[in-house]
1. Please count how many residues of segment 72-100 are surrounded by 14 or more Cβ atoms within 10 Å (Cβ to Cβ) and outside any helix (DSSP H, G or I).
2. Please identify the pairs in which a residue from segment 1-17 that is without any contact (Cβ under 8 Å) to a residue 60 or more places away in the chain has its Cβ atom under 7 Å from the Cβ atom of a residue that is assigned to a loop (DSSP other than H, G, I, E, B), counting only partners at least 6 apart or on another chain.
3. Considering segment 12-41 alone, what residues qualify as being within 46 Å of the chain's Cα centre (by Cα) and surrounded by fewer than 17 Cβ atoms within 10 Å (Cβ to Cβ)?
4. Which of (1) in a helix (DSSP H, G or I); (2) exposed (fewer than 11 other Cβ atoms within 10 Å of the Cβ) is the odd one out, the single condition residue 69 does not satisfy?
5. Looking only at residues that are without any contact (Cβ under 8 Å) to a residue 24 or more places away in the chain and part of a helix (DSSP H, G or I) in segment 42-54, which one is surrounded by the most Cβ atoms within 10 Å (Cβ to Cβ)?
């Protein structure tokens, strides 16, 4: 694969990967991830990979210049490398537990820098801590709350007012007894006066 990648970067010649033509043809036609190629590219890989024909033979059969066949072959190799890199990255992502939206693509720049990621994580942690602190404070204050509805408190207030008014109008026990004695004595004096009057 490194040799093919080097070829797609124009760092090596076509003849250095001729021994890889058969495996490349199998990748093109026998993998689950279908690689999109035009008709000439498919014919080129069939002829090279399965029939071991060279570029000149293919050019002669198709009536095209050899340079055009090589250009099509070069473009096809670039597609193969992109597909293989995608497969390897998907496999590595699954092994690391990264799936779905976290899929890494080699042809896309990173949307956020490491600093942005850390800042986002710190803000999320701070939000969770504040939420948990508010919950705990609510539980602590709950035990000091005074139970009872507004109706209960209204009834209790009325009862308290009645008790206060009664207490304010009450007399001491000694004062009540004194009044009773005075009434009894006054009544007795009246009876004595009546008896004296009858005798006279």
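Read-outs: derived from the displayed coordinates by stated rules, not from any lab. Bear in mind the structure is a predicted one, so any value in this text is a computation, not a measurement. Quick reminder, even Gly has a Cβ in these numbers, built from the backbone with ideal geometry, and neighbours come from all protein chains shown.
1. 1
2. Pairs found: 3/12; 6/12.
3. 23, 26, 29, 30, 31, 32, 33, 34, 36, 38
4. (2)
5. So, considering only residues that are without any contact (Cβ under 8 Å) to a residue 24 or more places away in the chain and part of a helix (DSSP H, G or I), the one surrounded by the most Cβ atoms within 10 Å (Cβ to Cβ) is 47.
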